[in-house]
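Down below is the structure, laid out as structure tokens.
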Amino acid sequence: MNELDVLQVFCAPDGGFGNALGVVRDPRRYPGQASRQALADELGFSETVFVDDPERGVVDIYTPGARLPFAGHPLVGAAWLLDLEAVNPPAGEVWARNDGEFTWITARAEWAPPRTLERYASPAEVEALPAPPPGEGWLYAWAWEDEAAGRVRARAFPRREGGVVEDEATGAAALLLTDLLGRALNITQGRGSQILTAPGPDGIVEIGGRVRLVSAAGTGAPAPGPGRAGGRAGSRIAPVERLTRSRLPHAVTLPPSPVPAP
């Protein structure tokens, strides 16, 4: 039986694309870092989350090859799945809210692992990049689609041995770019995923996106691998009904911005 919930996080307006996330809500079979790392390596998702305390939102995050103190799309996905007002990764407490369509978390740029944020002259240049581009180290390639409206075209390349070649949607890099530019952004990343961000007071940045359940733990349905879960063809499951919460005291008011054309 499938023991994973598999989500797509930062989906497009039609529910397509998004970054695949595996969530282990009962991690008793994986009590230590070695067993958790082995499962994350086997699954091959950009990140896999182990929920150590579902009531307090204590989570443990792994990529293929590394344990992370913070990552954006796993925390957005976990907050949505567990329907919590706070999630607790090793980096610190992350407040969360749901406004009906988007799930939001708050974070600080210093929590994100370092990335090279490289601006290109046009979205076409970003789209033409090989996967991965030449060079070493984590690259977030971006260009303005509409600077006045805060619309960005981006792609993300971890460029590490044995890992994911291209990250479809990465909240940590979006967090760093928002902190750098100091403004709200509407980011189209990868093949068509959408990430919304907005800077707040005291160095806080909100990161938001749509979440879709692809397969639920205990259903017996196979958990799709990253090659299948990342696009439009993933299986559809009826949406989970959840509460829409009022804005938290720290929450940022995000101005309306146009949705990028597909």
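List of remarks:
- Looking across Glu55, Glu42, Glu3, one residue alone is over 19 Å from the mean Cα position of the chain (by Cα), surrounded by 15 or more Cβ atoms within 10 Å (Cβ to Cβ) and either of a type outside the set (Val, Ile, Thr) or not in a loop (DSSP other than H, G, I, E, B) (or both). It is Glu3.
- Filtered residue count, segment 186-203, keeping only those that are more than 19 Å from Pro74 (Cβ to Cβ) and surrounded by fewer than 24 Cβ atoms within 10 Å (Cβ to Cβ): 9
- Cβ-Cβ distances below 8 Å connect the following pairs, each with a first residue in segment 111-132 that is within 19 Å of Arg151 (Cβ to Cβ) and open to solvent by less than 50 Å² (accessible area, probe 1.4 Å), a second residue that is outside any loop (DSSP other than H, G, I, E, B) and among the acidic types (Asp, Glu), and a separation of six or more residues or different chains: Pro123/Glu145.
- When residues of segment 148-172 are limited to those that are among the hydrophobic types (A, V, I, L, M, F, W, C) and under 18 Å from the mean Cα position of the chain (by Cα), the one surrounded by the fewest Cβ atoms within 10 Å (Cβ to Cβ): Val165
- Answer residue from segment 133-147, given it is more than 22 Å from Asn186 (Cβ to Cβ), of a type outside the set (Gly, Ala, Ser) and in contact with a strand residue (DSSP E or B) (Cβ under 7 Å, 6 or more places away or on another chain) and is surrounded by the fewest Cβ atoms within 10 Å (Cβ to Cβ) among those: Pro133
- Just one of the listed residues (Gly137, Gly100) is in contact (Cβ under 8 Å) with a residue 40 or more places away in the chain and over 20 Å from Asp202 (Cα atoms), and it is Gly100.
- Filter pass, Ala107 being open to solvent by 20 Å² or more (accessible area, probe 1.4 Å) and under 14 Å from Ala172 (Cα atoms): no
- Strands (runs of 3 or more DSSP E) wholly inside segment 163-262 containing at least 2 residues that are of a type in the set (Gly, Ala, Ser) and at pLDDT 65 or above: 193-199, 204-215
- Residue in segment 65-87 that is among the basic types (Lys, Arg) and open to solvent by 40 Å² or more (accessible area, probe 1.4 Å) present: yes
The values are calculated or read from the model by the stated rules, or taken from the named source; none is laboratory data. Everything quoted here is computed from the prediction, not taken from an experiment. We place every Cβ from the backbone using ideal geometry, glycine too, and count neighbours over all the protein chains shown. Ligands, DNA and RNA are excluded from the accessible area calculation, which covers all protein heavy atoms including side chains. Shrake-Rupley method; radii C 1.70, N 1.55, O 1.52, S 1.80 Å.
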